[in-house]
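Chemist: Encoded as structure tokens, here's the structure I'll be asking about.
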Amino acid sequence: MIKIKDLQHHFKIGKKGNERHVPVLKSVTLEIGKGEIVAILGKSGSGKSTLLHILAGFMSPEKGSVVVNGQETAALKEAEQASFRLANFGFIFQNFQLMPGLNAFENVELPLKIKGMAETERKMKVQKLLEKVGLDQVAGHYPNELSGGQQQRVSIARALITDAPIILADEPTGSLDSETEKEILLLIQSLNKKLGLTFVIITHDEEVAAVADRQYRLHDGELVKGEQRHAV
Amino acid sequence: MQFKDQIDFIRQHMKRNKLRVATTILAATMGCAFLIVLASVGFGLHQTITDDVLDNNMVTQIEVAGKTDGDTELAPADIPDAELQQIKGMEHVIAVVERNQPEAEAEIMIGNRSTYSQVVLSSMEEEQKAGFALSEGKMPAKAGEVVVGYHMAERLLTEAEMEKEANGEEVEGFAGSLIGQTVELELTPFLNEGEERTESSTWEFVVTGIAKEPAKDWMTDVAIYADSSWAPIFNEELGLEKGFKNILVYADELQNVGGITDALKEDGFYVYSVTEELGTMNVFFTALKAGLIFVGTIAVLIASIGIFNTMTMAVTERTREIGVMKAIGAQPKLIRKLFLMESAAIGLIGTALAVVISYGISVLANWLVPIIILSSLGEEDAAGISIVISTIPWQLVVIASAISIGVAMVSGWRPARKATQIDIIQALRQEM
């Protein structure tokens, strides 16, 4: 499903003309199969977010390739990247990244609007999904009227609404308390089982990584294989 | 994204920044209204002058003032009859009227009443084809019958009445109808310098019709209209030459006047028609209107700075949201389109309000300004003057709307482009 081969990337630091090249990813190679949960662990600055950004097509790698569902993503133009993301990826962000001017229902509905789906069809779809993730009671609430857990559920629902096969989660529980963190991780596990979705979770938290089928650790830009799944 | 959803999307954003959007719309409205009102003055003055020209002229009338055959210059009276017949045969010409006037002073008398008059000798048949109409009675059928001007009766005064009128008192003139009355026409040849007063001659006519009231209030018609067969009789009796001759060619429609005028000019005729006057005027007013639209456009451009600022602020404020939209799959062209639509919406709402306001200002100006102008002119000078200060034709609305909405979209273009270039990663790092 996802094949990352010999991925290399570095950042430039310092003023122009006096720049320093700092390697972030050094020959990262990884394969992720359909329906797997894979966690990438790493400290701050280890390059785990850069890996996610390259995987999502937010940036292009300097070397190496990322093939998602048979498509070399670096070969796509900006507009094609956008369409590819809409069809293949759902995103869960640490700080939820909800639209403050839209209520929970409208936030979940947004990707379907971007897709151009007809109103009646998408309203039914959003309603069903909100019931599934337990948000139907707060559908009309705006993000500032929701708890952190509820906001992350809205964010997850938004990631799921397009039926994208891969969910990329960047520190999905980073802004939540431990109780809510457990709730969200259980939801991820249940979605993985029920819907067969592939999750790539970027985290610094060992407990979060524990829900994964496979764990990898990024250290000094190199990917090291870690532990297998533990119960949450 | 469906069009309806795009509209909803920009409406939500505009609602979130009501005050800023409202002030920007106000600036766009003021700019566009200024453009429309300013240009409407050009259109209004053009209409006033055009109406004035058309009111004072028979619009389908072409006056033939003479002819040139290279070296020879012919006065209207000398133009051969065959050539006039040729004009009659031209396409779109409905009548050629030859009006003769004896070189003599005319006085009309009935009993002890009299008035100075003007003798018009013409073919009654051609006059009728050209649109000569009566207010009452019928056209002359016999040699001794005439039609008199609409104001003839009220101008037929006794000596006592003339004195009264000279003292500023009101007089009524001839009471009753002139139809069927016999009037005397006394003609006295005009005197050249050093000539002795010559004898006058008198003829009797029966009035069969009264001409239609002239179109303009200030015109007085005291003419006596008789058949052109009287011209040689008058000339012989008074020892006069040919007299004055006026040749008028009438077209079937205003749009054909230009063509006939040009054709006559090519044949060497000296002609004058309303299209000649309007043509020169139209060039001047088209230039004036273009100038006013240009000046008005500057106001719209100033308003566009407001739109540019508003849209730039909107992009800056919504950087994170744009980043999220791009991350979840929105195409750059969709982002650009949404921002362009927002600036176009500001332009559109501003323009719509401006059109309504401009019509209001136009109505107010057309009511108020003529009152001020006419009151400063005094009652006598103001009589018969109608002033249109401002006119807003649909073409002006279309031009102003196109300029205003176009400028609004151009103002929004750069911010919209900036929005598409927002880096997703940087945008997602922004604090809420």
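Chemist: Checking the structure you have, find out if any residue of the stretch B:369-378 is assigned by TED's automatic domain parsing to the domain that holds B:Leu26 and touching a Gly at 6+ places or on another chain (Cβ under 8 Å).
Modeler: Keep residues of the stretch B:369-378 that are assigned by TED's automatic domain parsing to the domain that holds B:Leu26, which gives B:369-378.
Imposing the further condition that a residue be touching a Gly at 6+ places or on another chain (Cβ under 8 Å) reduces the set to none.
Checking the stretch B:369-378: not a single residue is assigned by TED's automatic domain parsing to the domain that holds B:Leu26 and touching a Gly at 6+ places or on another chain (Cβ under 8 Å).
Chemist: Another question about this same structure. Scan the stretch A:174-183 and tell me whether some residue there is within 14 Å of chain B (Cβ to nearest Cβ), crowded, with 19+ Cβ neighbours inside 10 Å and either closer than 29 Å to A:Ile54 by Cα or without any contact (Cβ under 8 Å) to a residue 24 or more places away in the chain (or both). Break it down stepwise before answering.
Modeler: So the first thing to find is which residues in the stretch A:174-183 are within 14 Å of chain B (Cβ to nearest Cβ), and the list is A:174-175.
With crowded, with 19+ Cβ neighbours inside 10 Å added as a condition, the list becomes none.
Taking every residue of the stretch A:174-183 in turn, none turns out to be within 14 Å of chain B (Cβ to nearest Cβ), crowded, with 19+ Cβ neighbours inside 10 Å and either closer than 29 Å to A:Ile54 by Cα or without any contact (Cβ under 8 Å) to a residue 24 or more places away in the chain (or both).
Chemist: Moving on to the next point. With B:Thr312, B:Thr286 as the choices, which residue is over 30 Å from B:Ala22 (Cα atoms), surrounded by fewer than 23 Cβ atoms within 10 Å (Cβ to Cβ) and not hydrophobic (A, V, I, L, M, F, W, C)? Outline the logic, then answer.
Modeler: Working: B:Thr312 fails: over 30 Å from B:Ala22 (Cα atoms).
Checking each option against the conditions leaves just B:Thr286.
Chemist: Which one of these does A:Ala139 not meet: (1) more than 10 Å from chain B (Cβ to nearest Cβ); (2) among the small types (Gly, Ala, Ser); (3) touching a strand residue (DSSP E or B) at 6+ places or on another chain (Cβ under 7 Å)?
Modeler: For A:Ala139, the failing item is (3).
Chemist: Something else now. Please tell me if A:Lys3 is of a type in the set (D, E, K, R) and either in contact (Cβ under 8 Å) with a residue 40 or more places away in the chain or outside any strand (DSSP E or B) (or both).
Modeler: On the way: of a type in the set (D, E, K, R): yes; either in contact (Cβ under 8 Å) with a residue 40 or more places away in the chain or outside any strand (DSSP E or B) (or both): yes.
So A:Lys3 fits the description; yes.
Chemist: Can you tell me which of B:Ala33, B:Ala28, B:Ala39 is in contact with a Lys or Arg (Cβ under 8 Å, 6 or more places away or on another chain), more than 30 Å from B:Val97 (Cα to Cα) and not assigned by TED's automatic domain parsing to the domain that holds B:Arg99? It would help to see each step written out before you state the result.
Modeler: On the way: B:Ala33 fails: in contact with a Lys or Arg (Cβ under 8 Å, 6 or more places away or on another chain); B:Ala28 fails: in contact with a Lys or Arg (Cβ under 8 Å, 6 or more places away or on another chain).
Going through B:Ala33, B:Ala28, B:Ala39 in turn, the sole match is B:Ala39.
Chemist: Restricting the search to the stretch A:35-92, which residues are within 14 Å of another protein chain (Cβ to nearest Cβ), farther than 21 Å from A:Asp163 by Cβ, touching a residue at least 60 places away in the same chain (Cβ under 8 Å) and outside any helix (DSSP H, G or I)?
Modeler: Scanning the stretch A:35-92 gives A:Ser44, A:Gly47.
Chemist: One residue is enough: does the stretch B:260-281 have a residue meeting the conditions more than 14 Å from every other protein chain (Cβ to nearest Cβ), among the aromatic types (Phe, Trp, Tyr) and assigned to a loop (DSSP other than H, G, I, E, B)? Lay out the reasoning, then the answer.
Modeler: Kept after step one, since they are more than 14 Å from every other protein chain (Cβ to nearest Cβ), are these residues of the stretch B:260-281: B:260-281.
Narrowing the set further to residues that are among the aromatic types (Phe, Trp, Tyr) leaves B:269-270, B:272.
Next cut, assigned to a loop (DSSP other than H, G, I, E, B) only: none.
No, every residue in the stretch B:260-281 fails to be more than 14 Å from every other protein chain (Cβ to nearest Cβ), among the aromatic types (Phe, Trp, Tyr) and assigned to a loop (DSSP other than H, G, I, E, B).
Chemist: Would you tally the residues in the stretch A:110-126 being at the interface with chain B (Cβ under 9 Å from one of its Cβ atoms) and within 23 Å of B:Met14 (Cβ to Cβ)? So that I can check it myself, show each step before the final result.
Modeler: First, pick out the residues of the stretch A:110-126 that are at the interface with chain B (Cβ under 9 Å from one of its Cβ atoms): A:110-111, A:113-119.
Pick out the ones that are also within 23 Å of B:Met14 (Cβ to Cβ) and you get A:110-111, A:113-114, A:116, A:119.
Residues flagged as at the interface with chain B (Cβ under 9 Å from one of its Cβ atoms) and within 23 Å of B:Met14 (Cβ to Cβ) within the stretch A:110-126 amount to 6.
Chemist: Same structure, new question: Any residue at all in the stretch B:179-189 that's at pLDDT 90 or above, surrounded by fewer than 16 Cβ atoms within 10 Å (Cβ to Cβ) and on the phi > 0 side of the Ramachandran plot?
Modeler: Scanning the stretch B:179-189 turns up at least one residue that is at pLDDT 90 or above, surrounded by fewer than 16 Cβ atoms within 10 Å (Cβ to Cβ) and on the phi > 0 side of the Ramachandran plot.
Chemist: Collect the residues in the stretch B:206-239 that are buried (at least 16 other Cβ atoms within 10 Å of the Cβ), among the β-branched types (Val, Ile, Thr) and under 30 Å from the mean Cα position of the chain (by Cα), keeping them in residue-number order.
Modeler: Residues satisfying the conditions are B:Ile210, B:Val222.
Chemist: Restrict the check to the stretch B:117-127 and report whether at least one residue is farther than 13 Å from B:Ala226 by Cα and surrounded by 11 or more Cβ atoms within 10 Å (Cβ to Cβ).
Modeler: Filtering the stretch B:117-127 down to residues farther than 13 Å from B:Ala226 by Cα leaves none.
The answer is no, given that none of the residues of the stretch B:117-127 is farther than 13 Å from B:Ala226 by Cα and surrounded by 11 or more Cβ atoms within 10 Å (Cβ to Cβ).
Chemist: Just to be sure, is A:Gly47 surrounded by fewer than 20 Cβ atoms within 10 Å (Cβ to Cβ) and either closer than 14 Å to A:Arg214 by Cβ or of a type in the set (Gly, Ala, Ser) (or both)? Break it down into steps so the answer makes sense when it comes.
Modeler: Details: surrounded by fewer than 20 Cβ atoms within 10 Å (Cβ to Cβ): no; either closer than 14 Å to A:Arg214 by Cβ or of a type in the set (Gly, Ala, Ser) (or both): yes.
Spelling it out, it is not the case that A:Gly47 is surrounded by fewer than 20 Cβ atoms within 10 Å (Cβ to Cβ) and either closer than 14 Å to A:Arg214 by Cβ or of a type in the set (Gly, Ala, Ser) (or both).
Chemist: Ok, one more. Hey, can you tell me all the residues within the stretch A:93-104 that are among the polar types (S, T, N, Q) and either away from chain B (no Cβ under 14 Å) or crowded, with 23+ Cβ neighbours inside 10 Å (or both)? So that I can check it myself, show each step before the final result.
Modeler: Of the residues in the stretch A:93-104, the ones among the polar types (S, T, N, Q) are A:94-95, A:97, A:103.
Residue satisfying the conditions is A:Gln97 alone.
Chemist: Scanning for something out of contact with any strand residue (DSSP E or B) (no Cβ under 8 Å at 6 or more places or on another chain) and either outside the structural domain of B:Phe234 (by TED's automatic domain parsing) or among the basic types (Lys, Arg) (or both), does the stretch B:110-131 turn up at least one residue?
Modeler: The answer is no, given that none of the residues of the stretch B:110-131 is out of contact with any strand residue (DSSP E or B) (no Cβ under 8 Å at 6 or more places or on another chain) and either outside the structural domain of B:Phe234 (by TED's automatic domain parsing) or among the basic types (Lys, Arg) (or both).
Chemist: Yes or no: the stretch B:293-311 includes at least one residue that is assigned to a helix (DSSP H, G or I), within 14 Å of another protein chain (Cβ to nearest Cβ), under 30 Å from B:Phe9 (Cα atoms) and in contact (Cβ under 8 Å) with a residue 24 or more places away in the chain.
Modeler: Initial filter on the stretch B:293-311 (assigned to a helix (DSSP H, G or I)): B:293-311.
This time we only want the ones that are within 14 Å of another protein chain (Cβ to nearest Cβ), so: none.
Within the stretch B:293-311, none of the residues are assigned to a helix (DSSP H, G or I), within 14 Å of another protein chain (Cβ to nearest Cβ), under 30 Å from B:Phe9 (Cα atoms) and in contact (Cβ under 8 Å) with a residue 24 or more places away in the chain.
Chemist: In addition: Report yes if A:Ser60 is at pLDDT below 90 and exposed (fewer than 15 other Cβ atoms within 10 Å of the Cβ), otherwise no. I'd like the intermediate steps shown before the answer.
Modeler: Working: at pLDDT below 90: yes; exposed (fewer than 15 other Cβ atoms within 10 Å of the Cβ): yes.
The answer is yes for A:Ser60.
Chemist: From the list B:Thr72, B:Thr60, B:Thr24, which residue is modelled with pLDDT under 85 and surrounded by 21 or more Cβ atoms within 10 Å (Cβ to Cβ)? Steps first, please.
Modeler: On the way: B:Thr72 fails: surrounded by 21 or more Cβ atoms within 10 Å (Cβ to Cβ); B:Thr24 fails: modelled with pLDDT under 85.
Selected residue: B:Thr60, the only one of B:Thr72, B:Thr60, B:Thr24 that is modelled with pLDDT under 85 and surrounded by 21 or more Cβ atoms within 10 Å (Cβ to Cβ).
Chemist: Still on this structure, I have one more. Hey, any hits in the stretch A:143-151 for a residue that's within 12 Å of chain B (Cβ to nearest Cβ), more than 21 Å from the chain's Cα centre (by Cα) and free of Cβ contacts under 8 Å to residues at least 60 places away in the same chain?
Modeler: Here is the first cut: in the stretch A:143-151, the ones within 12 Å of chain B (Cβ to nearest Cβ) are A:143-144, A:151.
Next cut, more than 21 Å from the chain's Cα centre (by Cα) only: A:144.
When the remaining residues are screened for being free of Cβ contacts under 8 Å to residues at least 60 places away in the same chain, the result is A:144.
Yes - at least one qualifying residue is present in the stretch A:143-151.
Chemist: Where the second residue is crowded, with 19+ Cβ neighbours inside 10 Å and polar (S, T, N, Q) and the first is within 12 Å of chain A (Cβ to nearest Cβ) and lies in the stretch B:332-346, which pairs have Cβ atoms under 7 Å and are six or more apart or on separate chains?
Modeler: Hits for this filter: B:Pro332/B:Thr420; B:Ile335/B:Thr420; B:Arg336/B:Thr420.
Chemist: Just need a number here: residues in the stretch B:1-25 that are away from chain A (no Cβ under 12 Å) and not hydroxyl-bearing (Ser, Thr, Tyr).
Modeler: Narrowing the stretch B:1-25 to residues away from chain A (no Cβ under 12 Å): B:18-25.
Still in the running and not hydroxyl-bearing (Ser, Thr, Tyr): B:18-22, B:25.
The total comes to 6.
Chemist: Same structure, new question: Based on this model, can you work out whether A:Val211 counts as within 20 Å of A:Gly90 (Cα to Cα) and either surrounded by fewer than 16 Cβ atoms within 10 Å (Cβ to Cβ) or in contact with a helix residue (DSSP H, G or I) (Cβ under 9 Å, 6 or more places away or on another chain) (or both)?
Modeler: Numbers: within 20 Å of A:Gly90 (Cα to Cα): yes; either surrounded by fewer than 16 Cβ atoms within 10 Å (Cβ to Cβ) or in contact with a helix residue (DSSP H, G or I) (Cβ under 9 Å, 6 or more places away or on another chain) (or both): yes.
Yes: the conditions hold for A:Val211.
Chemist: So which pairs qualify, if the first residue must be in the stretch A:186-204 and buried (at least 21 other Cβ atoms within 10 Å of the Cβ), the second must be among the hydroxyl-bearing types (Ser, Thr, Tyr), the Cβ gap must be under 9 Å, and the two must be at least 6 apart or on different chains?
Modeler: Once the first residue is buried (at least 21 other Cβ atoms within 10 Å of the Cβ) and sits in the stretch A:186-204, its partners that are among the hydroxyl-bearing types (Ser, Thr, Tyr) give A:Ile202/A:Ser49; A:Thr203/A:Thr173.
Chemist: Considering only the stretch B:125-144, I want to know if a residue exists there that is closer than 30 Å to B:Asn192 by Cβ, in a loop (DSSP other than H, G, I, E, B) and either at pLDDT below 85 or not aromatic (Phe, Trp, Tyr) (or both). Walk me through how you get there before you give the answer.
Modeler: First, the residues of the stretch B:125-144 that are closer than 30 Å to B:Asn192 by Cβ: none.
Within the stretch B:125-144, none of the residues are closer than 30 Å to B:Asn192 by Cβ, in a loop (DSSP other than H, G, I, E, B) and either at pLDDT below 85 or not aromatic (Phe, Trp, Tyr) (or both).
The values are calculated or read from the model by the stated rules, or taken from the named source; none is laboratory data. In this text, all values refer to a predicted model and were calculated from it rather than measured experimentally. Neighbour counts are summed over all protein chains in view; Cβ atoms, including those assigned to glycine, are modelled from backbone coordinates with ideal geometry.
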